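Colleague: Submitted below is the structure of interest, expressed as structure tokens.
What follows is calculated from the coordinates using simple rules that are stated; it is not laboratory data. Small disclaimer: the values here were computed from a predicted structure and weren't measured. Here Cβ is always computed from backbone atoms with ideal geometry, including for glycine, and neighbour counts include all displayed protein chains.
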Amino acid sequence: MLQIALIQVQKTARLRRRNGEKTMASMRDIKRRRESVQSTGQITKAMKLVSSVKLQKAKVGAEVSKPYFDTMYNTVAGMIAKSGQMSHPFLQKSQSEKKAVILVTSNRGLAGGYNSNVIKLITKDERFNKDNTVIFAVGSKGRDGLARHGFEIGKDYSEAMNEPIYSDATSIGKEVLSQFVRGEIGEIYIAYTIFKNTVVQIPTLTKLLPIDAADIASEEEDVSEDPIDKITLMNYEPEPEEALDAIVPKYINSLIYGGLVESYASENGARMQAMDSATNNAEEMISDLGLKYNRARQASITNELTEIIAGAAAIS
């Protein structure tokens with residue numbers, strides 16, 4: 001009887017050792033995964049802090065410059081609306097069916113849906129396709145995304161998104177305007193993201209050229225309360241064509257720079273939010289893995305105690 005009991009104890013011990021080895025392996029896996037998540041959480045937390053610092057600077061720049069660009073748009077819109085029937089290349093669509101889109105995205109990912117939302121403005125719009133659209137990419141993410149969809153990349157200004165300055169907007173504006181004047185492109189658009197606040201960023205598509213005087217006039221009628229303003233024509237000195245030749249390029253450059261500044265602030269706001277969410281998720285995973293590790297450790301201890309007690313009982 002004693003021999004049978006000892007054999008049974010040995011079988012039980014081997015079974016429990018195997019279970020214990022599985023438990024130990026499970027504990028090692030949990031510990032390794034927890035360390036990996038902790039490392040990732042430290043990285044996302046650091047990236048959140050970096051984006052937060054960059055956001056503060058970009059936010060100030062966007063808020064300071066926004067009144068200027070709004071005034072520039074309203075001023076030029078008012079001029080065009082009150083100019084009557086005026087013939088000018090900037091007001092007329094050329095024979096070319098080609099459309100140019102200045103696409104403003106980021107050079108880095110890990111910013112939630114920031115880049116994909118801007119790309120969708122082009123890919124989901126029926127006006128644009130790979131045959132009639134050329135992309136002036138400001139940001140490598142947008143460039144690569146639309147290149148995968150087959151769109152033509154005319155120029156790449158991705159370095160401008162490292163820290164936008166007005167000369168970057170001037171370079172872009174000069175290139176698209178020269179192609180528009182030569183008749184190589186018929187319409188110019190800009191796709192960027194408006195910075196509303198830290199949480200909300202609004203993807204926006206705006207037509208830059210040709211300036212549609214009819215649409216502007218209708219907008220002016222909606223907001224104007226003085227009937228005299230509706231019939232008063234704009235007086236130019238020198239001639240209207242000369243004035244528009246000087247003003248419209250500055251108007252285009254200003255809107256492009258405004259789009260760059262708004263997008264830069266939006267990018268850092270979106271990345272800060274994404275990294276904050278990732279950090280919170282990492283903390284939750286660490287807490288959950290800690291509970292699993294403690295349970296596995298407790299199970300291992302229980303198995304060892306059971307094995308010792310069972311062996312002692314069989315011998316006695």
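Colleague: What is the extension gain from V50 to I308, computed as 0.36 nm multiplied by their sequence separation minus the C-alpha to C-alpha distance, in nm to one decimal?
Modeller: The span from V50 to I308 would gain 87.4 nm if fully extended.
Colleague: Grab the beta carbon distance between V64 and E126, set R0 = 51 Å, and tell me the FRET efficiency rounded to 0.05.
Modeller: 0.85
Colleague: Once the dipole of the stretch 61-273 is set up with Lys and Arg at +1 and Asp and Glu at -1 on Cβ about the Cα centre, which of I247, T206, A270 lies farthest towards its positive end?
Modeller: Looking along the dipole axis, the top candidate is A270.
Colleague: Okay, next question. Collect residues whose amide H, placed 1.01 Å from N in the peptide plane, falls under 5 Å from the amide H of S106; neighbours closer than 5 in sequence don't count.
Modeller: K141, G142
Colleague: Provide the FRET efficiency to the nearest 0.05 for the K292-N162 pair, computing r from the beta carbons and using R0 = 35 Å.
Modeller: 0.25
Colleague: Something else now. Which order results if L305, L205, L55 are arranged by neighbouring Cβ count within 10 Å, fewest first?
Modeller: Listing L305, L205, L55 from fewest to most nearby Cβ atoms yields L305, L205, L55.
Colleague: Taking neighbour Cβ counts within 10 Å as the exposure measure, how do S254, S300, S87 sort from fewest upward?
Modeller: With the sparsest Cβ surroundings first, the list reads S87, S300, S254.
Colleague: Which of the pairs K174/K207; K207/K250; K93/K141; K66/K120; K98/K207 have their Cα atoms more than 21 Å apart in this structure?
Modeller: Check vs 21 Å cut-off fails for K93/K141; K66/K120.
Colleague: Can you return the lysines within cross-link range of K31? Criterion is Cα-Cα under 18 Å, with same-chain partners fewer than 8 residues away left out.
Modeller: Cross-link targets: K22, K292.
Colleague: Let me ask something additional. Suppose R0 equals 51 Å; then what is the FRET efficiency for S87 and K196 from their Cβ-Cβ distance, rounded to the nearest 0.05?
Modeller: E(calc), rounded to 0.05, equals 0.85.
Colleague: While we're on this one: Using the 10 angstrom Cβ neighbour count as an exposure proxy, how do R32, R297 rank, fewest first?
Modeller: R32, R297
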